[in-house]
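Each value in this text was obtained by applying a stated rule to the coordinates, not by laboratory testing. Values in this document were obtained by computation on a predicted structure and should not be read as measured data. Don't worry about glycine lacking a Cβ; one is built from the backbone with ideal geometry, like all the others, and counts go over all protein chains shown.
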Amino acid sequence: MNKIRAAITGVGGYVPDYVLTNKELETMVETSDEWITSRTGIKERRILKGENKGVSVMGIEAVKDMLAKSKVDPKEIDCVIFATITPDLTFPATANIVATAVGAVNAFSFDVAAACSGFIYALTTGASFIQSGMYKKVIVIGGDKMSAILDYTDRTTCIIFGDGAGCVLLEPTTEEVGVMDAILKSDGSGETYLNLKAGGSRLPASHETIDKRLHYVYQEGAAVYKFAVTNMADVAAQLAERNHLTAETISWLVPHQANKRIIDATASRVGIDESKVMMNIERYGNTTAGTIPLLLWDYEKRLKKGDNLLIAAFGGGFTWGAVYVKWAYNPN
Ligand code: UT7
């Protein structure tokens with residue numbers, strides 16, 4: 001009997017309407033369009049505006065988009081996994097909220113917190129459920145409302161991130177397509193360089209934590225950059241090598257969108273030409289767990305059955321990894 005693999009059979013996405021441009025950021029902090037563009041490749045990012053709107057708003061829209069295109073009955077969904085570090089609430093899980101809102105009433109659901117690597121961790125988890133034969137339809141969502149945890153007086157972080165969410169549907173196949181292999185890594189010593197200090201069980205919210213601005217993203221950018229640039233490129237190269245993938249046989253590099261310079265370094269390490277590198281950082285910035293599914297959403301129409309996708313990510317934790325996916329369908 002042929003091995004069961006988890007094929008990506010549908011993609012959905014959502015970005016909010018509000019566009020925060022580099023020009024507008026120039027009016028908020030001491031920065032310039034020239035600095036942001038040359039150091040990061042970002043021109044604009046989307047922001048979810050409005051009262052009482054959490055990341056679930058974007059996750060729900062992304063899943064609705066995918067379900068409408070795939071013509072799948074939400075009652076058939078077995079499991080919903082939401083990768084995010086900006087959940088609506090500390091608990092219950094945002095995946096619970098999304099599953100119920102989209103009508104996935106027979107699914108169980110949970111969140112995965114692995115920062116910018118969240119989507120690839122969740123994708124690999126969902127794929128394992130399918131490969132084991134336990135479940136037939138798993139939705140994996142990646143998204144973040146980074147604007148909720150950014151200090152818009154800190155020019156070193158607020159210019160990088162944006163809001164957005166994307167998702168995929170996983171289903172079993174016995175064809176040679178789907179999630180083929182993955183390498184996932186983490187290193188807790190990375191906590192020092194990239195974190196959000198307060199609001200957890202170690203340092204619950206208090207007047208003091210608010211006064212000290214400890215509920216915002218803290219990042220030592222240059223240190224994180226050094227780890228990201230080597231680890232993301234190394235893991236992508238390692239996964240390519242063990243699957244005998246070459247610059248010629250890789251159809252697309254799908255890199256986390258943190259900084260165009262990190263993307264370029266990863267592409268050059270794997271020997272891939274820029275024309276085969278998925279990129280939307282200039283329009284959305286870094287949407288944390290949202291970047292990879294939003295790339296698949298943006299490029300879906302250009303993907304063909306059998307295309308070899310090398311996905312790679314690096315983020316807070318530190319967490320990082322790469323996933324090899326063979327695309328399972330042709331564009332409509
Ligand atoms: O996705 C999760 C993982 N995160 C990452 O992968 C992010 C990795 N890090 C980066 O992408 C980059 O480090 C940043 C984009 C965050 C910063 O770029 P950089 O080239 O590493 O700049 P830097 O932090 O070394 O700062 C260089 C200079 C400093 O000024 P001085 O000390 O040289 O006078 C900063 O104060 O640039 C200054 N600077 C800015 N200037 C204008 C920092 N942010 C800004 C800004 N506008 N927004």
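Per residue, the convex hull spanned by the Cα atoms of the stretch 180-326 measures out at 122 cubic angstrom. If a spin label sat at a point 7 angstrom from the Cα of N106 along the line to its beta carbon, the backbone N atoms of the stretch 170-185 nearer than 20 Å would be those of 170-173.
Note on the chain: with charges restricted to the Cβ of Lys and Arg (+1) and Asp and Glu (-1), its dipole about the Cα centre is near 500 debye.
If r is the Cβ-Cβ distance from R39 to M134 and R0 is 51 Å, what FRET efficiency results, to the nearest 0.05? Let's see the in-between values first.
Values: r = 45 Å, r/R0 = 0.89.
Calculated transfer efficiency: 0.65.
In the chain, taking the dipole from charged Cβ atoms about the Cα centre, the farthest positive-side position among I130, F119, I183 is held by I130.
Per-residue Karplus couplings for the stretch 78-91, computed as 6.51 cos²θ - 1.76 cosθ + 1.60 with θ equal to phi - 60°, are listed in order as 8, 8, 10, 10, 10, 8, 6, 10, 10, x, 3, 9, 4, 8 Hz, Gly and Pro entered as x.
Of all DSSP bridge pairs formed entirely within the chain, close to 70 percent run antiparallel. Considering the options F161, I149, L245, tell which one lies farthest towards the positive end of the dipole of the chain, charges being +1 on Lys and Arg and -1 on Asp and Glu at the Cβ, about the Cα centre. Of the listed residues, the answer is L245.
With a simple spin-label model that places each label point 7 Å from the Cα along the Cα-to-Cβ direction, the separation between E274 and T27 comes to 3.1 nm.
Shown here for the stretch 57-88: trypsin sites (Lys or Arg not before Pro) in loop regions (DSSP other than H, G, I, E, B) with at most 14 other Cβ atoms within 10 Å, namely K71.
Centroid-to-centroid, using Cα positions, the stretch 169-225 and the stretch 107-121 are 11 Å apart.
Using alpha-carbon positions, what is the distance between the centroids of the stretch 49-84 and the stretch 261-332, in Å? A separation of 21 Å, based on Cα centres.
Looking only at the stretch 1-114, where both bridge partners belong to it, what percent of the DSSP beta bridges are antiparallel (to the nearest 5)?
45
For the stretch 11-16, putting each phi into the Karplus relation 6.51 cos²θ - 1.76 cosθ + 1.60 with θ = phi - 60° gives couplings of 9, x, x, 7, 10, x Hz, in residue order, rounded to whole numbers and with x for Gly and Pro.
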